[in-house]
Amino acid sequence: MNNYQIHYFGLLGERRGLAEESIASPEQTPAGLYAAINAEHRLGMEVSDFRVAVNDEFTPWEHPLHDGDHIAFLPPMSGG
């Protein structure tokens, strides 16, 4: 079981009801981690709808995670 710091942005943060949280999870990739979070909290977005960053760098969804990683889920932003 690894500990991760999760950061939610935009619509994901609104749906989750918070901007960040620490979680313990056996998941080893951002895709698996998001799937587990989405199953529990019904965030309603697919990984194809947004990007992920691990430790402040954009990564593929199958990037291997390590204990203590910071994962940011970044949906498309709009504004003016």
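Each value in this text was obtained by applying a stated rule to the coordinates, not by laboratory testing. Computed from a predicted model, the values in this text were never measured in an experiment. With ideal geometry, Cβ positions are generated from the backbone for all residues, glycine too; neighbour counts draw on all protein chains shown.
Structure values in brief
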item: Residue identified as surrounded by fewer than 18 Cβ atoms within 10 Å (Cβ to Cβ) and in contact (Cβ under 8 Å) with a residue 60 or more places away in the chain among His66, His41; result: His66
item: Total residues in the stretch 20-30, condition under 19 Å from Phe58 (Cβ atoms) and surrounded by fewer than 16 Cβ atoms within 10 Å (Cβ to Cβ); result: 2
item: Selection from the stretch 23-51 of residues that are hydrophobic (A, V, I, L, M, F, W, C) and closer than 14 Å to Gly13 by Cα; result: Ile37, Leu43, Met45, Phe50
item: Among the residues listed as Glu40, Glu21, the single one being farther than 18 Å from Pro76 by Cβ and in contact with a strand residue (DSSP E or B) (Cβ under 8 Å, 6 or more places away or on another chain); result: Glu21
item: Extreme residue, farthest from Met1 (Cα to Cα), among residues of the stretch 47-76 that are among the charged types (D, E, K, R) and in contact with a Phe, Trp or Tyr (Cβ under 9 Å, 6 or more places away or on another chain); result: Arg51
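The rows are residues; the columns are (1) on the phi < 0 side of the Ramachandran plot; (2) touching a residue at least 12 places away in the same chain (Cβ under 8 Å); (3) part of a helix (DSSP H, G or I); (4) crowded, with 18+ Cβ neighbours inside 10 Å.
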residue: Ile6; (1), (2), (3), (4): yes, yes, no, yes
residue: Arg15; (1), (2), (3), (4): yes, yes, yes, no
residue: Tyr34; (1), (2), (3), (4): yes, yes, yes, yes
residue: Met45; (1), (2), (3), (4): yes, yes, no, no
